1. To the nearest 20 Debye, how big is the dipole of the chain about its Cα centre, given +1 on the beta carbon of each Lys and Arg and -1 on that of each Asp and Glu?
2. Using the Karplus equation 6.51 cos²θ - 1.76 cosθ + 1.60 (θ = phi - 60°), what ³J(HN,Hα) coupling, rounded to whole Hz, does each residue of the stretch 369-386 give in order, writing x for Gly and Pro?
3. Could you tell me the extents of the stretch 5-142's C-alpha atoms along the three principal axes, largest first, rounded to whole Å?
4. When only C-alpha pairs under 8 Å and at least 6 residues apart count, what is the relative contact order of the stretch 596-658, in percent?
5. Return the loop-located chymotrypsin sites (Phe, Trp or Tyr not before Pro) in the stretch 226-300 (DSSP other than H, G, I, E, B) with at most 14 other Cβ atoms within 10 Å of their own Cβ; answer none if there are none.
6. Once you put a point 7 Å from the Cα of E108 and another 7 Å from the Cα of A170, both along the Cβ direction, what distance in nm separates them?
7. Please give the contour-minus-distance gain from E485 to T515: 0.36 nm per residue of separation, less the Cα-Cα distance, rounded to one decimal in nm.
8. Report, in listed order, any pair from K353/K386; K610/K645; K252/K561; K162/K204 with a Cα-Cα distance greater than 18 Å.
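Throughout, read-outs are computed from the coordinates displayed, never taken from laboratory work. Not measured: the values here are computed from a predicted model. Here the Cβ positions follow ideal geometry from the backbone for every residue, glycine too, while neighbour counts run over all protein chains shown.
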Amino acid sequence: MYQGKIIEFIEQGRFASTLCLEDRGNRLHLLTSTNRELNLSPKRALLVSSSAVDPLRPREELLERLRQTESAREALKAQINVRELWELVRDEHERFNHRYLAQLCFGEPVSDDHLSAVVRALFEDHLYFKLKDGQFLPNSEKRVEQIIKEKEEAALREDMLKAGGDWLKAVNEGKGVAPPACEKEVIELLTNFVLYEREAPDYKFAKELLARAGLAHTRKARALLVKLGVWDEDENLDLIRLGVKTSFGKEKLEFSSRVACSRLDLEGREDMRDLPVLTIDGPLTKDFDDAVSLEEVGDQLILGVHISDVAASIPRDSSLDREACLRASSLYLPRQQIPMIPPDLSQETLSLKQDCDRLAISLLANLEKDGRLIDYRFTPSIVRVKRQLTYDESNQMIQTDPVLKRLYQLSMSLRSMRMEHDAVSLSLPELEVRFENDGSVNLEMVEQSTPSRMLVAELMIFYNWLLARFCKQNEIPLLFRTQGEPSERLTEDQFGYIYYVFKQRRKLNPLKISTKPAPHSGLGLDVYTNATSPIRRYLDLIAQRQVISFLSEKPLPYDHKDLEELRMTIEPTLKSLERVRRSRIRYWTLKYLAQHVGSKHKAMVLDVLKSKYRILLLDYLHIAELRQESEAGMYPGQQFTVVIKRSDPWDDILEVGYAGD
């Protein structure tokens, strides 16, 4: 049936002309114009000539016939104007066979060469016609425009791959070459590739770009971005992924500047500038939002806890308020602080700085000398800080300074009362990252149970407790912080305090934010909220607005529905920020350990898993994993020594080895 005929088919996207030497039924034995023989299924034959030649004629004669046929058909193809042909038939909205289209192009009669020329022209064009079930369907005008656009975009993408790939290759090799016109697009591709990997919008294109540059790994792309100066070596990628704003726009800064320059409104405020108000904070703190005072009157103590009145300066739904709500909280990271409120307010006008008049919401609590509460009240006030102390300074003075000593004694009495109500004390040192002039990183564990830190913590807890109680008693809608009872209360056993803390933390119920007041078991209190850091936390600012409005006999800014909507908006952001903070501490810990590969450290087994141990590096309270090998048989709580084998902060990898007991 096919023997001796010209058979045309598609091979690797191109037209192939062959002569059938033998028809074997389910296979055709073909000869190509390059004198190659091959087998083909008859189903793949696109065109079959009507005439045939004797396949037994000399091979060279057959090859010449193929070459002449190919040449003739290509020449005829060149005469076809596909666009004109499309314009003739596009409005008919039907399919056409190649014979009809050949007649339109060449008239009658049409030969095998005419038929082949039409099919070749339409197949190679890809723009005006679509081949479907052996017939040609004209594309609509809209589809033609779309294909043209896609081709232009494909050409641009190919240009970008070529120019971008060459540029990145040169950068990687340290060659100083000018960036291409597509520099911005290339950098955006690389950035998304590193940040989101397979979830990146143009992941495959970015992979191809890197392949053109002779690179393949995410690490290489990240290194290129550092070389190009797009990222710092220690760039915080979590901030970029989450879209965390690290600066304020012009409008916000202008608003903040106007507020910072406005005069203090003292109407309706108690003047407490004569009180011996002091602050206790870290040495680098600039946003002082809490201060305390203490007076002895007869056999009673008057404790003052004074919180910066942020609500007075930032009205609800103002541009700064919306920005603060979006940010939810200030974020304090090693080497980077991202404030919730612009610095000219958070570190100046609203900050309780020494010798400056500041608006506050003050708690004045009358207490017995043993710490028992007699009565209390909240009031808008104006205060002036007399002393600005650091934690270290306070620790040195706490036994000799009468006010500090009395404050510490009072705070310990308040703490004892909480512990009597089954509060859970799980304090551990916090890791601080320090940066040396030579670029190296140092880690320091800062004890949280020093007298000055405990003093401040207890007095802030006291303020939050009473404000929550005040709102509950006066039916003021509020976002309370609650915590159910632990699933189990453990005791410090033979393995020591640190192991106990990690075990007990797993038994705690999660903290909840709710409009319904309920106990906070971890603190041993019947009700609780957060209100002592309105400069740094938006939920504290909300609480402050509620109390101020109530005290001023004004309508409350938020009802229960408003608060629930705010909770649903802000809570996920707070969780994300906490993950960023933890991730950054982990990054710098791994960076430090990378500087000390080969060093040995004390560790403790937290959990025994199937083929590894979950361990704690005791010097840094850093959780890692250790494969079970020769040291199999260790038990939870056991202490031993590990050696740092590898630490990679970029890829979050820490490999440690067993180094003995």
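1. I would put it at about 1120 debye.
2. Residue by residue, the stretch 369-386 yields 5, 8, x, 6, 7, 9, 7, 7, 7, 9, 8, x, 8, 10, 10, 9, 5, 8 Hz.
3. 49, 27, 23 Å, listed from the longest principal axis down.
4. Answer for the stretch 596-658 is 35 percent.
5. Those that pass, being in a loop and sparsely packed, number zero.
6. For the pair E108/A170, the computed spacing is 6.4 nm.
7. 8.9 nm
8. Listed pairs above 18 Å: K610/K645; K252/K561.
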